[in-house]
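Data block below; observations after.
Every number here is computed from the coordinates shown, using simple stated rules; none is lab data. Nothing here was measured: the structure is a model prediction, and the numbers come from that model. No Cβ is skipped: glycine too gets one built from the backbone with ideal geometry, and neighbour counts run over all protein chains shown.
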Amino acid sequence: MSDNVPQMTKSTHAAVADERNADVEIYINGEFFPRAEAKISVFDSGFLVGDGIWEGIRLHHGEFAFLDRHMDRLFTGAKAIDLDIGTREEIEAALRLTVDQNGMDDHVHVRLMITRGDKKTPSQHPSNVIGGPNMVIIAEHKLADPTVATEGISLFTATVRRPGPDVLDQNLNCHSKLHEVIALIQAVGAGADEALMLDVNGAVATCNATNFFIVRRGEVWTSTGFYNLPGITRALVLETARDAGIVALEKNFSLTDVYAAEEVFVTGTFGGLTPVREVDGRTIGDGSGMGPMTARLIDLYRAAIDEDLARR
């Protein structure tokens, strides 16, 4: 890696080191390979042109949390890019086989990736695909770093905007993430942990890898959803907050609203809810990180996980 590329010091995806991950076996198209031997062809569609979809899923106490929602999003994406990925039962069986192969039960993060498949020559055209899609499943022992959740993270607003559906529909959880990577590089270069991104109209949209929320006058606000990934955790926060009588709105708001917020937090499958202590050098609240509303929403989210697992 170039010395000119800044290194990220803290992240919502930071995990406690676990030596067991050195020996995990990776699922590739029905077979398992040791970590060092798990490889995809250089002619893979995802590698060549970012042509693929993926999901990040958590395993809690032997069960995949909110699996139905993840499968709904995955198959919506597959339909949108005109890719036959088989049946839900087949994919769910592959997920179960992977965690069983690795003897996993709890504090596990699973990355499921499906691309259009290998091509006979480097190109965009789907007609050059040989055979069917490639499916890779990487399951790792990952316990979220507790210091990130207690101390919070800092954000920097990147110049890179989130595109609309006429450019790249943000409903697609696809492999084409370069705009988000560039935004993150800008943020880290500015001394922040992660990037906040605006939409094409200048309203606050989302972060480079998580969804974004603020607390204003006792209300919970997030963006309209038109310029951000429809996050599973994002949806659950909105649903559980409303069920608890908390006003939770999807609306347009600006950086001025962010700087004046009482609390700010981000959401994602891996980290759940993570407080934000600073945005663009402005201290959020008292700068201590976790606020009372964020703490309450974390409790509601954890209760929703328990309810989903019990239902299974």
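Which of Met197, Met293 has the fewest other C-beta atoms within 10 Å, and how do the rest follow up to the most?
Met293, Met197
Out of all DSSP beta bridges in the chain, what portion is antiparallel? Express it as a percent rounded to 5. Write out the running numbers ahead of the final one.
Working: 46 of 55 bridges.
Of the beta bridges lying entirely in the chain, close to 85 percent run antiparallel.
I'd like the FRET efficiency for Val247 and Asn201, computed as 1/(1 + (r/R0)^6) with the beta carbon distance as r and R0 of 22 Å, rounded to 0.05.
Efficiency, from the Cβ-Cβ distance: 0.40.
Lys/Arg Cβ at +1, Asp/Glu Cβ at -1, dipole of the chain taken about the Cα centre: which of Ser288, Pro230, Ala149 is farthest positive-ward?
Of the candidates, Pro230 comes out farthest on the positive side.
Where q = 0.19, 0.23, 0.30 Å⁻¹, what log10 of I(q)/I(0) comes from the Debye formula for segment 70-131, counting one point per Cα?
-0.84, -1.02, -1.28
For segment 236-290, how big is Rg over Rh, using alpha carbon atoms and the Kirkwood form of Rh? Mind dumping the intermediate values first?
Values: Rg = 12.3 Å, Rh = 12.5 Å.
Here Rg/Rh amounts to 0.98.
How high is the FRET efficiency between His61 and Glu31 when r is their beta carbon distance and R₀ equals 22 Å, given to the nearest 0.05? Let's see the in-between values first.
On the way: r = 28 Å, r/R0 = 1.26.
Rounded to the nearest 0.05, the efficiency is 0.20.
In whole Å, how far is the Cα centre of segment 237-299 from that of segment 45-60?
For segment 237-299 versus segment 45-60, the Cα centre distance is 28 Å.
Suppose R0 equals 35 Å; then what is the FRET efficiency for Glu19 and Ser41 from their Cβ-Cβ distance, rounded to the nearest 0.05?
With R0 = 35 Å, the Cβ-Cβ based efficiency is 0.70.
Starting from the Cα of Thr150, step 7 Å toward the Cβ, then list every residue of segment 277-305 with an amide N under 13 Å from that point.
289-290
What's the angle, to the nearest 10 degrees (0 to 90), between helix 292-311's Cα axis and the longest principal axis of the chain?
On a 0 to 90 degree scale, this one is about 30.
Give me the number: length gained by fully extending Lys120 to Arg296, i.e. 0.36 nm times residue separation minus the C-alpha to C-alpha distance, one decimal in nm.
58.1 nm
Given segment 146-311, what whole percent of its Cα pairs are spread farther than 26 Å?
Considering segment 146-311, 22 percent of its Cα-Cα pairs are separated by more than 26 Å.
Taking only Cα atoms, what is the 0 to 90° angle, nearest 10, from helix 232-243's long axis to the longest principal axis of the chain?
40
Subtract the Cα-Cα distance of Leu309 and Leu178 from 0.36 nm times their separation in residues, and report this length gain in nm to one decimal. Could the numbers behind the result be given before it?
Working: separation 131, 0.36 × 131 = 47.16 nm, distance 3.44 nm.
Contour length minus the Cα-Cα distance gives 43.7 nm.
Compute the normalised compactness of segment 19-141: alpha-carbon radius of gyration over 2.2 N^0.38 Å, N being the residue count.
Working: Rg = 14.5 Å, N = 123, 2.2 N^0.38 = 13.7 Å.
For segment 19-141, the normalised Cα radius of gyration comes out at 1.06.
Given a cut-off of 25 Å, name the pairs among Lys39/Lys177; Lys10/Lys39; Lys10/Lys177; Lys10/Lys251 whose C-alpha atoms lie farther apart than that in the structure shown.
Lys10/Lys39; Lys10/Lys251
Given the Cα-Cα distance of Thr256 and Asp72 and 0.36 nm per residue of separation, how much length would full extension add, in nm?
Difference between extended and current length: 62.7 nm.
Take every DSSP beta bridge whose two residues both sit in segment 146-311, then give the antiparallel share in percent to the nearest 5.
65
Can you put His141, His60 in order of Cβ neighbours within 10 angstrom, beginning with the fewest?
Working: His141 20, His60 17.
Least to most surrounded, the residues fall as His60, His141.
Need the C-alpha centroid separation for segment 142-160 versus segment 65-130, integer Å.
28
Kirkwood Rh over alpha-carbon pairs of the chain, then Stokes-Einstein at 4 °C and 1.567 mPa s: what D in µm² s⁻¹, rounded to an integer?
64
Of Tyr301, Tyr27, Tyr259, how do they rank once you tally other Cβ atoms within 10 Å and put the fewest first?
Tyr259, Tyr301, Tyr27
Any idea how far apart Thr283 and Arg217 come out in nm if each label point goes 7 Å out from Cα toward Cβ?
2.5
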